[in-house]
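First up is the structure itself, then whatever we jot down about it.
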Amino acid sequence: MPNPFDRLIEACHHDWRAYIEHEFVRRLGDGSLPEASFRHYLEQDYLFLGHFARAWALALYKSRDFDELRGAFDRLKTIVDLELGLHLDYCAQWGIDVATLDALPETRATLAYTRYVLDAGARGDLLELRVALAPCLVGYARIGKWLASRAETRLEGNPYAAWIEMYTDDAYLSAASEEEAWLDQALAEQPAKRIAELEVVFRDATRLEIDFWQMGLERHA
Ligand SMILES: Cc1ncc(CN)c(N)n1
């Protein structure tokens, strides 16, 4: 019997696979992704991370005890200290400075995904918000594992090696597995009707992740 979080994935397994195994991900892994696509993704992901940090701050606000506060605070730190750091390093390597990033317009995919999650958090409780955030945090850990398992993935000579290393790194993987453990416990206590509602939120956020990859690949505005 799969654990409760894996059951959320099973309920939308076609969308989940389309997200985890997206062409953008494959081409990151084998190094064949066009640089312009990665740059577009990188720029939008900077804006994305700002909104997701706000969403984790909202999770802090919605926490009911110190355990939940600590979990949300740790996740917020994962974004601000770990992911954002890599982003800014990468952007500096690619000649993109923070002032340029701050002035960028958001694409429709960035707007749709970030505002969807913030709305789920504003409208719902802490669990609904953390389910909406899960394809992001846990999804990239699964992507890192999937890439690591593929013969086509290469690090040597791959301009995106640092990106792959970040999402296969212990610091990121342990944040994702702590989040999964919290979700497993919280989901196990929910009645079937609530689970069905949460499946919709999880599937929608997963579909918005697919759109985010597609936006990067095709460089949509
Ligand atoms: C769009 C997106 N989704 C997920 C992650 C990983 N936290 C990210 N950096 N960007």
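The values are calculated or read from the model by the stated rules, or taken from the named source; none is laboratory data. These figures come from a predicted structure and were not determined experimentally. Using ideal geometry, Cβ is built from the backbone for each residue, glycine included, and neighbour counts are taken over all protein chains shown. To get the accessible areas, we keep the full protein, side chains included, count just its heavy atoms, and leave off ligands, DNA and RNA. Shrake-Rupley method; radii C 1.70, N 1.55, O 1.52, S 1.80 Å.
Can you tell me the order of 30-38, 133-141 when each peptide is scored by its average per-residue count of other Cβ atoms within 10 angstrom, highest first?
Values: 30-38: 15.4, 133-141: 22.7.
Listed from highest to lowest mean packing, they are 133-141, 30-38.
In this structure the chain gives 46 Å² per residue of accessible area when probed at 1.4 Å with all protein chains present.
Within the shell defined by Cβ-Cβ distances under 12 Å, the residues around Arg39 carry a net charge of -2, with Lys and Arg each +1 and Asp and Glu each -1. At q = 0.22, 0.28 Å⁻¹, what log₁₀ I(q)/I(0) does a Debye calculation on the Cα points of region 164-221 give, no solvent, two decimals? Relative scattering, expressed as log10 I(q)/I(0), comes to -0.97, -1.03. For GluC sites (Glu not before Pro), the sites in region 156-202 that DSSP calls loop and that have at most 11 other Cβ atoms within 10 Å are Glu156, Glu189. Against the chain, whose longest principal axis is taken from its Cα atoms, helix 35-62 shows a tilt of about 30°. Label positions at Asp170 and Val98, each projected 7 Å from the Cα along the C-beta direction, are separated by 3.0 nm. The calculated pair-distance distribution of the chain uses every alpha carbon pair, bins of 5 angstrom beginning at 0, and gives 1, 7, 15, 19, 22, 17, 11, 6, 2, 0, 0 percent.
Can you tell me how much longer the chain between Arg115 and Glu10 gets when fully stretched, taken as 0.36 nm per residue apart minus their C-alpha distance, in nm with one decimal? Mind dumping the intermediate values first?
Working: separation 105, 0.36 × 105 = 37.80 nm, distance 2.50 nm.
Between Arg115 and Glu10, full extension yields an extra 35.3 nm.
So what's the net charge close to Ala134: Lys and Arg +1, Asp and Glu -1, counting the other residues with Cβ under 9 Å from its Cβ?
Values: positive: Arg130; negative: Glu179, Glu180.
That sum, taken over residues with Cβ under 9 Å, equals -1.
Can you give the relative contact order of the chain as a percent, counting alpha carbon pairs under 8 Å and 6+ residues apart? Mind showing how you got there, number by number?
On the way: 227 pairs, mean separation 89.1, N = 221.
Rounded, it is 40 percent for the chain.
Here the chain exposes an accessible surface that is 53 percent carbon and sulfur, computed with a 1.4 Å probe and the other protein chains kept in place. Kirkwood's formula applied to the C-alpha pairs of region 1-112 gives a hydrodynamic radius of 16.4 angstrom.
Taking Lys and Arg as +1 and Asp and Glu as -1, the other residues whose beta-carbon sits under 11 Å from that of Trp94 total -3. For region 1-100, relative contact order (Cα pairs under 8 Å, six or more residues apart, normalised by length) works out to 20 percent.
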